[in-house]
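The values are calculated or read from the model by the stated rules, or taken from the named source; none is laboratory data. These figures come from a predicted structure and were not determined experimentally. SASA here: full protein model, heavy atoms, side chains in, ligands and nucleic acids out. Shrake-Rupley method; radii C 1.70, N 1.55, O 1.52, S 1.80 Å.
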Amino acid sequence: MIDDLYSTRILTLAANLPHAGRLAAPEGTGERVAKLCGSRATVDVMLDADGRVADFAQDVKACALGQAAAGVVGDVVIGATTEELQSARDAMLAMLKSGGEGPEGRFEGLRALKQVADYPARHASTMVAIEATLDAVSQALGTRTSLAGAA
């Protein structure tokens, strides 16, 4: 049973973490921690003029499932819109909690984590990367709105 959860695909994704590290001067930073296991993702972003992710870095200290999800996110996040990130997060939650098929499009690779649905204690660690990314993008967009209002 546990072998199904930690498949070769999951372990390969976990071992290859794109954009590892931190940005020197990010527009937005987000951090999420899974309280049950302590998995943590800290994400820095820079956005382009259209609000798409232009640069991205992630510092992830997580179990293999959290690392695998971060691997998928890091691999495809450049160019993503807030709407794509929100849709992927919502589809991921539906996949884990209510039998949904999982994200489509850019974030479809997160479907590799579908078997995590059978392990509720692992759901939060699987979500830290995408949640931290959304937080970072929201912070960056909020900073832009504040600066525009002050001008």
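Here are a few things to note about the model shown:
- As computed over region 67-151, the Cα convex hull volume per residue (Å³): 89 Å³
- Dividing the summed -39500 (n - 2.57) terms of all DSSP H runs of n ≥ 4 by the residue count of the chain sets its mean residue ellipticity at 222 nm at -15000 deg cm²/dmol.
- Region 2-87 - accessible surface per residue (Å², probe 1.4 Å): 48 Å²
- Rh (Kirkwood; distinct C-alpha pairs) - region 104-146, Å: 12.2 Å
- Sequence-distant lysines (8 or more away, or on other chains) whose Cα lies within less than 21 Å of residue 97: 35, 114
- Rounded to whole Hz, the Karplus (6.51, -1.76, 1.60) HN-Hα couplings of region 17-30, x for glycine and proline: 9, x, 6, 5, x, 9, 7, 5, 9, x, 6, x, 9, x
- P(r) histogram, all alpha-carbon pairs of region 1-113 included - 10 Å bins from 0, percent: 14, 44, 35, 6, 0
- Helix 123-150 axis, angle to the chain major axis (alpha carbon atoms, nearest 10°): 10 degrees
- Taking only protein heavy atoms and a 1.4 Å probe, the accessible area of region 1-120 is 50% carbon and sulfur.
- Under the Karplus curve 6.51 cos²θ - 1.76 cosθ + 1.60, θ = phi - 60°, whole-Hz ³J(HN,Hα) for region 62-71, x wherever Gly or Pro sits: 8, 5, 4, 5, x, 5, 5, 4, 5, x
- In terms of its C-alpha gyration tensor, region 55-112 has an oblate overall shape, because the principal axis ratio a/c (a ≥ b ≥ c, square roots of the eigenvalues) is not below 1.5 and a/b does not outweigh b/c.
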